[in-house]
1. Is at least one residue of the range B:97-109 within 27 Å of B:MET229 (Cβ to Cβ), over 15 Å from the mean Cα position of the chain (by Cα) and surrounded by 15 or more Cβ atoms within 10 Å (Cβ to Cβ)?
2. Just to be sure I understand, how many residues within the range A:139-178 are β-branched (Val, Ile, Thr), within 14 Å of another protein chain (Cβ to nearest Cβ) and not in a loop (DSSP other than H, G, I, E, B)?
3. Is it the case, given these coordinates, that A:GLY83 is at pLDDT 95 or above and either under 18 Å from the mean Cα position of the chain (by Cα) or of a type in the set (S, T, N, Q) (or both)?
4. Might you check whether a residue that is more than 14 Å from chain A (Cβ to nearest Cβ), among the aliphatic types (A, V, I, L, M) and in contact (Cβ under 8 Å) with a residue 24 or more places away in the chain occurs anywhere in the range B:75-83?
5. Could you list, in sequence order, the residues of the range A:102-138 that are within 14 Å of chain B (Cβ to nearest Cβ) and in contact with a Lys or Arg (Cβ under 9 Å, 6 or more places away or on another chain)?
6. Show the residue pairs meeting these rules: Cβ distance below 7 Å; 6+ apart or different chains; first residue within the range A:87-101 and within 7 Å of another protein chain (Cβ to nearest Cβ); second residue buried (at least 19 other Cβ atoms within 10 Å of the Cβ) and charged (D, E, K, R).
7. All but one of (1) surrounded by 18 or more Cβ atoms within 10 Å (Cβ to Cβ); (2) more than 14 Å from chain B (Cβ to nearest Cβ) hold for A:GLU195; which doesn't?
8. Inside the range A:203-227, can you point out the residues that are outside any loop (DSSP other than H, G, I, E, B), of a type outside the set (Gly, Ala, Ser) and without any contact (Cβ under 8 Å) to a residue 12 or more places away in the chain?
2 protein chains.
Amino acid sequence: MTRQTILIKVGGGKTINWDFIAEDLRKIIRTHKIVLVHGANAMRDQIAEKLNHPTKTIVSPSGVTSVYTDSRAIDIFLMSYAGLVNKKIVAVLQGNRVNAVGLSGVDGSLWQAKRKKHVYDVTNGKTRLIQDNLTGKVTRINIRLIKILLKNNFYPVICPPAIDESHQIVNTDGDTAAIETAISLGIKKVVFLFEMPGLLKDFPNERSKIDRIDRKHIDDFVVLTQGRMKKKLLAVKQALETGIETVYFGDGRMKRPIISALAGTGTIIS
Amino acid sequence: MTRQTILIKVGGGKTINWDFIAEDLRKIIRTHKIVLVHGANAMRDQIAEKLNHPTKTIVSPSGVTSVYTDSRAIDIFLMSYAGLVNKKIVAVLQGNRVNAVGLSGVDGSLWQAKRKKHVYDVTNGKTRLIQDNLTGKVTRINIRLIKILLKNNFYPVICPPAIDESHQIVNTDGDTAAIETAISLGIKKVVFLFEMPGLLKDFPNERSKIDRIDRKHIDDFVVLTQGRMKKKLLAVKQALETGIETVYFGDGRMKRPIISALAGTGTIIS
């Protein structure tokens, strides 16, 4: 029987525990194939500070916050995501007998993005056009590379940035890219690990965790949430509309983070 | 007929021209498979300066200079080699229709190194034992991953660091690792590109280029050279003793760098 593939997206927060994640993966790969996608925003912000180019955000006219990415920010992105964090994760996984191969969306044109050429920033009520923003939305996945690796028992560990139609390196939203990857590969189960026990009704009160959401009611929760979590829920909504069966939210700080999430200790959306 | 594989090692100097290299590779992949190994020392030193942790060197009792690598230096190494430089190279190659996949020696345990646990530094005549030096010599190559990629027409773009027997990330000499990789893959032709027209008899006089060296006389040139070039020649000597037929030195700053080197405009050692 072919092993089912699970995609696991791990957030880039400071308190995510990669030793716990690796211990879980070591067990999970006995019965499943896995594709890992990770963030690195905490490390990115830290390196950006040290290099005197702190991370800047912009706010769209519809109120969505995103990172402003000029060419120096892309450099810092590459250093932190594809360099420091990706390779340290790979080493921890290798130490747990998970034969990980780290890739960015640039490698093998894994994550092909459509560049957002014009974005608007609203600051103090003034709308400003930004033209040098190097960001894009992943619209096409080179699944051939992922499939070849999985078939040969290598586990891809993927992170932003992506590559656009003119082969420029662009920042991209990791959650959306992870969902696109899962859809393209026909993956049915997606796990999101972050620095919370699950989706919180009353953020940041960790006791207000929601156990289960029916896909029909996601919109009710999209309204409740802000910032990154709103984006995440919108990506999840799209995922459930496009073939993914179940999305699990779980706590990336705790022991057995993936196995617990799959058992329903976080939030299950299906 | 199966296409012959060439390994190309490109130095990490500031004036290396990756557009020229990519143009050459685009032509070469019509008739050959390629494995690329690259350095990033200029960028590494620049980032290390900016992060207030400048690259330090140590000198062994036998007079060989090498980089001192503590854990912060490993972080900077990952940022510059595996992050910034590797992915920018991959993007340039993708833009030239060379389907490149960037990998560090950590990925898939590609470059397995034996850590040098004790190294000595001689400063002002005083010998000092250094115990936290995270460096090693690549002794085993996971050729399976490289072969799978090549078979599927992906071109691996490999850089240090390596991974040691206890799954720690360690700095390693790129030239030696490149040679080890070529030997393990049964590659017969290796091209080294750097910021010189070839091996110089009278460094840095670029008019003193040596056109051809017979493998029997390498030792005469090892005596003539210093620093990185001495290390490179020693690696080449080992290569020619272990199955590699021809090593080409060429100028990574010029147009048609690889095609010219293969045609003999640099230095040929065979």
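1. Quick first cut of the range B:97-109, residues within 27 Å of B:MET229 (Cβ to Cβ) only: B:102-105.
Subset that is over 15 Å from the mean Cα position of the chain (by Cα): none.
No, the range B:97-109 has no match at all.
2. Our first condition is that a residue be β-branched (Val, Ile, Thr); within the range A:139-178, this holds for A:139, A:141, A:143, A:146, A:148, A:157-158, A:163, A:169-170, A:172, A:176.
Retained after the next criterion (residues that are within 14 Å of another protein chain (Cβ to nearest Cβ)): A:143, A:146, A:148, A:157-158, A:163, A:169-170, A:172.
Applying the additional criterion that residues be not in a loop (DSSP other than H, G, I, E, B) yields A:143, A:146, A:148, A:157-158, A:163, A:169-170.
Result for the range A:139-178: 8.
3. Answer is yes for this residue.
4. No: the range B:75-83 contains no residue that is more than 14 Å from chain A (Cβ to nearest Cβ), among the aliphatic types (A, V, I, L, M) and in contact (Cβ under 8 Å) with a residue 24 or more places away in the chain.
5. Of everything in the range A:102-138, those that are within 14 Å of chain B (Cβ to nearest Cβ) and in contact with a Lys or Arg (Cβ under 9 Å, 6 or more places away or on another chain) turn out to be A:GLY102, A:SER104, A:VAL106, A:ASP107, A:GLY108, A:SER109, A:TRP111, A:GLN112, A:ALA113, A:ARG115, A:LEU134, A:GLY136.
6. Hits for this filter: A:VAL90/B:ASP107; A:VAL101/B:ASP107.
7. Evaluating A:GLU195 over (1) surrounded by 18 or more Cβ atoms within 10 Å (Cβ to Cβ); (2) more than 14 Å from chain B (Cβ to nearest Cβ) leaves (1) as the failure.
8. Within the range A:203-227, A:GLU206, A:ARG207, A:LYS216, A:HIS217, A:ASP220, A:VAL223 meet the criteria.
The values are calculated or read from the model by the stated rules, or taken from the named source; none is laboratory data. Computed from a predicted structure; not experimentally measured. Please note: Cβ atoms are built from the backbone with ideal geometry, for glycine as well, and neighbour counts cover all protein chains shown.
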